[in-house]
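Quick notes on the structure that follows.
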Amino acid sequence: MNEDAQETDTPAGDQRGEEYLPIAEHGLIGDLRTAALVGTDGRIDWFCAPRFDSPSVFGSLLDAERGGCWDIRPVCQVSTHNQFYFPDTNILITRMLTADGIVEVQDFMPIVREQDPRHRQRLVRRVVNVRGRMRLGVRIAPRLNYGRDPHRLERMPDGVRFIGDALAFSLRSSIALELDDTDAYATFDLDEGETALFDLETDCASASAAAAAGIVANTEPVPCAVGAEAAEALFEATVDFWRRWLRQSTYTGRWREMVHRSALTLKLLTHEPTGAIVAAPTLGLPEQLGGARNWDYRYVWIRDAAFSLYALLRMGFTQEAQAFIGWLAERLRNATDGKLGPLRVMYSIDGHDHLPEEVLGHLEGYRGSHPVRTGNDASDQRQLDIYGELIDSIYLFNKYGAGISHDSWTDLCEILEWLLTHWDSTDESIWETRAGQQHHTYSRLMCWVAVERMIRMARQRGLPGNLGRWTAARDEIYHQIMSRGWDPRARTFVQRLSAEPGRPPENILDASLLLMPMVKFISPVDPRFLSTVEAIADRLVMDNLVFRYDPSEAPDGLVGSEGTFSICSFWWVEALARTGEVEQARLALEKMFTYANHVGLYAEQIGLTGEHLGNFPQAFTHLALISSAINLDRAMG
């Protein structure tokens, strides 16, 4: 063994210090209840349990010192890190190449079957020495409740149990572990072909907590030998689960690998027990390094989930669409006519709408980007656009899926009645800015969509509705957008309506207006839309990366700047395709693919030097990738 190896022959994690991997240097694994980020260095630095929106167990992504992590790595110098998904699955493999040999870590959360009532939440790490003789270090350092809660350790015959007040974890290991006050660790040798196994299982404090998480209650350590045959059986069952699911895809276009990876990612962001779809599995990842634009995205945004439903339906995944419609039916049934409207912008996984922000002041944030927030005060905003996105997704489900029920139609009609009274109101709109409410053109567009799709559903299925009133409202919204959302001087649609008819609006561009032809409001070759596309190209597009708006023109109430918005960049691809610029659209799409990380994942934003910013991976981005690829395929023939 070389000199460097001897100098670093200590338990893993001791030299991490303030190190943070780039956001893009991660893959995602999950069990349709929660998810974990695995770094290319073999470190799990983000894991919340037992649900996406539970407090973190490993959170060194947000504080390298206090957050906790699970580290596995060679003790000698690693020359190369590689990471990839086992084909057509969400099983992640991290390979580390050294002078002493090659080792790989296979990470997965086992899923045996759909809607499994006996599901056990487990995080399995299988370490395989591919070549040479390798000395490795492992350190399991949980820090419960975002690093705020203490825990104690208990030895088990084949591992250790970490016990907190609200949650415990049983770790079974094929190698002997040493314990200190908070962590389990070891240094071990593997010869070529040898394997080490680690199996961390979530033990909820009560049966009710387990039921809410969708896992089997396991309040006592369960004896279970960690053997090669058992691990292989779990691996094969999980491979079979993901491949069986992916075979439902109807996509056969040019970009199958990227589209299917996006579909697999969207599936990872679904909460199978409830049908909910979260916007991202992370919180606090900055839109600007060192800045304060750090939000919690582990909730169900009505808008994001509706767009996700559209993407899944387009690919033939009707079961997920049916499950989300079931979740949504509960929200429709419990809608209240409050000052914010009958629906909220976002909900928790189980449908709560009270999500107050809390600053975790003890965490330094990713690379010093603080404050770190849990909860999201945008849940108390009024965003009128959500009704259009929601009803459009229900319209598509009604068209391509099993169809909505009588009760859901009745609930939708009541919601539409509220919208018909309030559509001509101010709101925070799609980008949920914190600069006060405005008359947003995009919100008017989506109010038009809501009314228009209700008219379509009523006519297609003969459903009852006041079509005369609905049609009059639809037309009034249309004319308002065309008169007050259009700047005749600059010849472009703009972010905000003019203050009154006949008065030109402020010339502020917004990339959300690229959706106008996609929702059938305007022809993609209408001169008004074509000139809007030209204006967006001049002022918001940089080498096919698209900013959502210019904060210097439209202050959003937040300090600092942000990167380009990846969903807008994919909207740009689709807008180009629809306007007939097919070759330009294809080039833009291929360029966007170069900004994916090494396993095909995208964060919310891309910085000016190509770095990933914001929460990761982002459902919004992956659903837009699917839509743009499908529509560009169609345009290319």
Check your understanding: Across the range 163-205, which residue is nearest to the chain's Cα centre (by Cα) among those that are β-branched (V, I, T) and part of a loop (DSSP other than H, G, I, E, B)?
Key -> T182
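Please indicate, with yes or no, whether at least one residue in the range 385-400 is of a type outside the set (V, I, T), farther than 21 Å from A279 by Cβ and free of Cβ contacts under 8 Å to residues at least 60 places away in the same chain.
no
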Exercise for review: Determine if the range 392-405 includes at least one residue that is open to solvent by less than 20 Å² (accessible area, probe 1.4 Å) and under 20 Å from the mean Cα position of the chain (by Cα).
Suggested key: yes
Exercise for review: Examine the range 445-455 for a residue that is of a type outside the set (S, T, Y), touching a Leu at 6+ places or on another chain (Cβ under 7 Å), at pLDDT 95 or above and in a loop (DSSP other than H, G, I, E, B), and state whether such a residue exists.
Suggested key: no
Revision key, fill the gap. Residues in the range 67-84 that are under 20 Å from F198 (Cβ atoms) and of a type in the set (S, T, Y) total 0
Study note, to complete from the structure: Across (1) open to solvent by less than 20 Å² (accessible area, probe 1.4 Å); (2) in contact (Cβ under 8 Å) with a residue 24 or more places away in the chain; (3) small (G, A, S), A458 clears everything bar (2)
Exercise for review: Looking only at the range 358-380, count how many residues are open to solvent by 20 Å² or more (accessible area, probe 1.4 Å) and either within 19 Å of Q437 (Cβ to Cβ) or of a type in the set (G, A, S) (or both).
Suggested key: 4
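Out of the residues in the range 132-151 that are out of contact with any Gly (no Cβ under 8 Å at 6 or more places or on another chain) and not β-branched (V, I, T), which is nearest to L62 (Cα to Cα)? Break it down stepwise before answering.
Kept after step one, since they are out of contact with any Gly (no Cβ under 8 Å at 6 or more places or on another chain), are these residues of the range 132-151: 135-136, 138, 140, 148.
Checking the rest, the ones that are also not β-branched (V, I, T) come to 135-136, 148.
On the way: R135: 29, L136: 25, R148: 13 Å.
Per the stated criteria, the residue is R148.
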Practice item. State all residues of the range 381-390 that are crowded, with 24+ Cβ neighbours inside 10 Å and not acidic (D, E); if no residue qualifies, say none. Key: Q383, L384, I386, Y387, G388, L390
Review point. So, of the residues in the range 150-162 that are in contact (Cβ under 8 Å) with a residue 40 or more places away in the chain and outside any strand (DSSP E or B), which turns out to be nearest to the chain's Cα centre (by Cα)?
Key: D158
Review point. Of the residues M542, M518, M482, which single one is under 19 Å from F620 (Cα atoms), of a type outside the set (S, T, Y) and open to solvent by 10 Å² or more (accessible area, probe 1.4 Å)?
Key: M518
Check your understanding: Only one residue in V138, V160, V124 is within 19 Å of D203 (Cα to Cα) and touching a Phe, Trp or Tyr at 6+ places or on another chain (Cβ under 7 Å). Which one?
Key -> V124
Practice item. Evaluate the range 82-100: report whether one residue or more is of a type in the set (S, T, N, Q), in a strand (DSSP E or B) and surrounded by fewer than 17 Cβ atoms within 10 Å (Cβ to Cβ). Key: yes
Practice item. With the checklist (1) under 16 Å from the mean Cα position of the chain (by Cα); (2) small (G, A, S); (3) farther than 19 Å from V278 by Cα in hand, flag the one item A603 doesn't pass. Key: (3)
Check your understanding: In the list R254, R244, R298, R293, which residue meets the criterion of being of a type in the set (K, R), modelled with pLDDT of 95 or more, part of a loop (DSSP other than H, G, I, E, B) and surrounded by fewer than 23 Cβ atoms within 10 Å (Cβ to Cβ)?
Key -> R254
Point to revise | Residue pairs meeting the criteria (Cβ under 8 Å; at least 6 apart or on separate chains; first in contact (Cβ under 8 Å) with a residue 12 or more places away in the chain, in the range 515-527; second of a type in the set (D, E, K, R) and open to solvent by less than 10 Å² (accessible area, probe 1.4 Å)) | key: M518/E574
Practice item. Mind counting the residues in the range 461-479 that are crowded, with 21+ Cβ neighbours inside 10 Å and of a type in the set (V, I, T)? Key: 1
Check your understanding: Given A186, A166, which one is aliphatic (A, V, I, L, M) and open to solvent by 40 Å² or more (accessible area, probe 1.4 Å)?
Key -> A166
Practice item. Answer with yes or no whether D304 is open to solvent by 50 Å² or more (accessible area, probe 1.4 Å), under 25 Å from C447 (Cα atoms), touching a strand residue (DSSP E or B) at 6+ places or on another chain (Cβ under 8 Å) and of a type outside the set (A, V, I, L, M, F, W, C). Key: no
Practice item. Give the residue that is surrounded by the fewest Cβ atoms within 10 Å (Cβ to Cβ), with candidates limited to residues of the range 109-149 that are touching a helix residue (DSSP H, G or I) at 6+ places or on another chain (Cβ under 6 Å) and part of a loop (DSSP other than H, G, I, E, B). Key: V112
Review point. In the range 580-599, what residues are in contact (Cβ under 8 Å) with a residue 60 or more places away in the chain and open to solvent by 10 Å² or more (accessible area, probe 1.4 Å)?
Key: F593, A596, N597, H598, V599
Point to revise | Unique match (being buried (at least 20 other Cβ atoms within 10 Å of the Cβ), free of Cβ contacts under 8 Å to residues at least 40 places away in the same chain and not aromatic (F, W, Y)) among V451, V494 | key: V451
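The values are calculated or read from the model by the stated rules, or taken from the named source; none is laboratory data. Computed from a predicted model, the values in this text were never measured in an experiment. We place every Cβ from the backbone using ideal geometry, glycine too, and count neighbours over all the protein chains shown. Please note that ligands, DNA and RNA were not included when accessible areas were found on the heavy atoms of the full protein model with its side chains. Shrake-Rupley method; radii C 1.70, N 1.55, O 1.52, S 1.80 Å.
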